[in-house]
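A quick write-up on the structure given underneath.
The values are calculated or read from the model by the stated rules, or taken from the named source; none is laboratory data. The structure displayed is predicted, hence computed values, not measured ones. Backbone-built Cβ (ideal geometry, glycine too); neighbour counts: all protein chains shown. To get the accessible areas, we keep the full protein, side chains included, count just its heavy atoms, and leave off ligands, DNA and RNA. Shrake-Rupley method; radii C 1.70, N 1.55, O 1.52, S 1.80 Å.
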Amino acid sequence: MKKSFLLICSMFVVATGIQAQWKPAGDKLKTEWAEKIDPANVWPEYPRPLLERSQWLNLNGEWEYAICDKGKIEPETFDGKILVPFAVESSLSGVQKTVTEKQELWYKRTFAVPSSWKDKAIYLNFGAVDWKTDVFVNDVLIGSHQGGYTPFSFNITPFLKASGTQKLVVRVWDPTDIGYQPRGKQVKNPGGIFYTAVTGIWQTVWLEPVPTNHVTAIRSIPDIDSEAVTVTVQTSDSQSTDIIEVSVSDNGKSVGSAKGLCGKAIRIPVMNPKLWSPETPVLYTISVSVLRAGKVMDKVSSYTAMRKISAERDTNGIMRMYLNNKPYFQYGPLDQGWWPDGLYTAPSDEALAYDIKKTKDFGFNMIRKHVKVEPARWYYHCDREGILVWQDMPSGDMGNSYDQRNYNGGTDKKRTEESIVNYYQEWKEVMDFCISNPSVVVWVPFNEAWGQFDTEKVVERTKAYDPSRLVNPASGGNHRACGDILDLHNYPNPDMFLYDPLRVTVLGEYGGIGRPIEGHLWRSDRNWGYVQFKTQEDVTNEYVKFAKDLQKLVRQGFSAAVYTQTTDVEGEVNGLMTYDRKVIKVNEPAVRAANQAVIDELNK
């Protein structure tokens with residue numbers, strides 16, 4: 001009994017010791033989820049729902065970190081501890097320090113490979129690291145990745161010691177707003193509509209044991225008109241005789257199956273499909289097996305949904321967005337995806353899902369993910385909850401002139417060849433990352449002419465790479481006669497100052513109704529919205545007034561609208577919620593009713 005008590009006490013001391021080593025840095029706003037973080041078990045959810053395996057090892061937690069001059073070798077001593085996966089500038093990292101373009105951020109930790117993984121290939125996976133990453137295992141540079149928003153992996157098997165502790169070091173360089181790289185709204189000197197920089201690891205890091213020939217990617221594209229889904233599977237070490245077997249099920253009941261080859265489109269019939277929509281977000285389970293000489297080499301799970309997005313003329317001859325072959329008004333908030341405590345990274349999976357659920361509570365059916373790419377679990381929550389997503393490409397390499405009031409107004413950015421190559425590389429990775437998520441229905445290569453270049457070519461390549469979705473060439477940007485959508489921005493009130501009879505016309509941004517709430521502000525001064533009010537009633541009345549104006553414009557030709565915005569972000573106080581998500585700033589039932597009236601207007 002005494003021994004058991006001592007063991008429990010010692011375990012408590014160790015556990016509380018771990019807790020005591022980490023605490024949020026600084027005195028900025030915190031969300032309620034920040035108080036629940038366990039540094040020994042941070043972001044424990046499996047990070048890749050569209051390609052899921054049962055065995056994995058989460059490497060999130062406390063790592064060593066150091067900020068050093070660029071070009072230096074690995075430091076002999078590190079500066080302290082950082083909580084991964086929170087960026088070094090964030091409070092939840094426990095560091096909250098700035099890294100300049102003349103510096104590099106170093107990470108270090110050790111790990112042990114479970115003995116049960118013997119005879120398997122060991123892969124090291126990163127959800128996302130901003131921006132240029134070099135990875136060392138046991139002092140060997142084993143690989144690099146350039147891009148701040150998409151996952152990447154390395155086979156580290158050849159570089160592991162036969163047993164014992166393995167050393168992992170990561171070096172990151174991120175010039176933020178100095179250079180051509182996509183960086184969204186990150187700047188070194190935040191203010192106005194631009195926010196704090198994010199450097200380094202900001203999504204989950206994990207290990208996985210896999211067979212020599214294993215599934216590396218699954219691309220699922222539904223076709224409701226043919227009652228089928230097309231699945232293309234890529235593997236790491238395919239042989240010409242390997243067979244890919246794909247089965248689709250609905251709540252455990254088999255719907256269809258088919259076999260094919262690696263890299264080839266496999267069509268699986270889905271008879272009498274249950275269609276996915278925000279009202280009925282039905283997901284089908286996918287099982288993928290790799291067979292060699294009749295033996296299962298690898299088996300993973302995924303999911304898909306039967307839905308169709310298209311642009312068609314309605315009975316009045318107006319080009320509309322159609323969902324599942326019916327006109328469907330898409331209405332949602334501009335969602336920046338920022339957090340006062342984690343910056344790019346939500347404090348937890350629960351927090352990540354919260355914004356999506358609240359968006360639906362407000363009566364919206366869509367989210368425009370603004371110049372940021374989220375972790376895979378965010379899109380999974382959108383798929384599961386049922387909300388449409390417009391996916392922006394994070395902006396970068398800005399500097400061209402801007403004119404959205406005229407067709408062919410403004411100038412395209414004259415980018416360097418290096419910048420162009422990098423843009424296409426990162427944009428393709430973003431599309432690959434989201435291509436199987438049924439919630440994602442619109443690609444947005446550019447926002448407001450921020451770095452906009454070779455628009456027609458970018459749109460053509462985007463459309464050719466994924467013809468199953470609509471392409472919005474430049475949301476509120478320099479308008480070019482290409483793609484599927486003409487997208488206008490107007491603040492604060494809705495306005496249709498241009499109309500395209502050949503493409504879908506949408507209001508890609510409007511609103512920005514501000515309401516600063518004491519005790520929930522990022523800063524005490526320099527807070528702004530396009531218009532500002534002091535009470536919930538006044539903000540709600542203005543919102544409803546704008547919604548009624550929008551209803552009239554729906555009849556005239558708008559097929560979608562985006563309200564700015566989901567939450568306050570740093571100095572912006574024009575959110576429907578405060579930045580810490582603790583206060584709903586509007587009358588929720590009134591906003592929901594107004595939103596539903598706008599959505600229903602299309603089908604009157």
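Laid out as a table, the results:
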item	result
Dipole of the chain, positive end: most advanced residue of Tyr149, Pro222, Met271 [Cβ charges, Cα centre]	Met271
Accessible surface of the stretch 561-604, 1.4 Å probe, proportion on carbon and sulfur as whole %	50
Rounded percent of accessible protein surface that carbon and sulfur make up, the stretch 118-247, 1.4 Å probe	49
Candidate lysines - alpha carbon under 22 Å from Lys428, same-chain residues fewer than 8 apart omitted	Lys132, Lys185, Lys264, Lys308, Lys369, Lys372, Lys413, Lys414, Lys457, Lys463
Cα gyration tensor, the stretch 156-261 - rounded (a/c under 1.5), prolate or oblate	oblate
Highest-first arrangement of 152-165, 365-378, where packing means the average Cβ count within 10 Å	365-378, 152-165
With every protein chain in place, the stretch 317-453: carbon and sulfur % of accessible area (1.4 Å)	50
Helix runs (DSSP H) in the chain reaching 27 Å along axis by Cα, Kyte-Doolittle at least 0.0	2-21
The stretch 259-390: C-alpha gyration tensor shape, a/c 1.5 cut-off, then a/b vs b/c	oblate
Qualifying aspartates and glutamates (Cα of each under 12 Å from Cα of Lys360; at least 8 residues distant if same chain)	Glu279, Glu385, Glu588
Order by protection proxy (mean Cβ within 10 Å, highest first), peptides 51-61, 210-220	210-220, 51-61
The chain, dipole about Cα centre (Lys/Arg Cβ +1, Asp/Glu Cβ -1), debye to the nearest 20	980
Residue-normalised accessible area of the stretch 65-184, given per residue in Å² at a 1.4 Å probe	40
Nonlocal Lys pairs with alpha-carbon distance under 23 Å, the stretch 510-604 (8 or more apart, or different chains)	9
Relative contact order computed over the chain (Cα-Cα under 8 Å; 6+ residues apart), in percent	12
Rounded to 5, the percent of DSSP beta bridges in the stretch 481-581 classed as antiparallel	5
Length added when fully stretched, Glu518-Ala265, from 0.36 nm per residue minus Cα-Cα	85.5 nm
Extreme residue, positive dipole direction of the chain, given options Tyr123, Gln103, Thr77 (C-beta unit charges)	Tyr123
Rg/Rg_globular for the chain, with Rg_globular taken as 2.2 N^0.38 Å and Rg from C-alpha atoms	0.98
Straight-distance crosslink candidates among aspartates and glutamates, where the alpha carbon sits under 18 Å from Lys28 and sequence neighbours closer than 8 are dropped	Glu89, Asp341, Glu518, Asp525, Asp568, Glu570, Glu572, Asp580
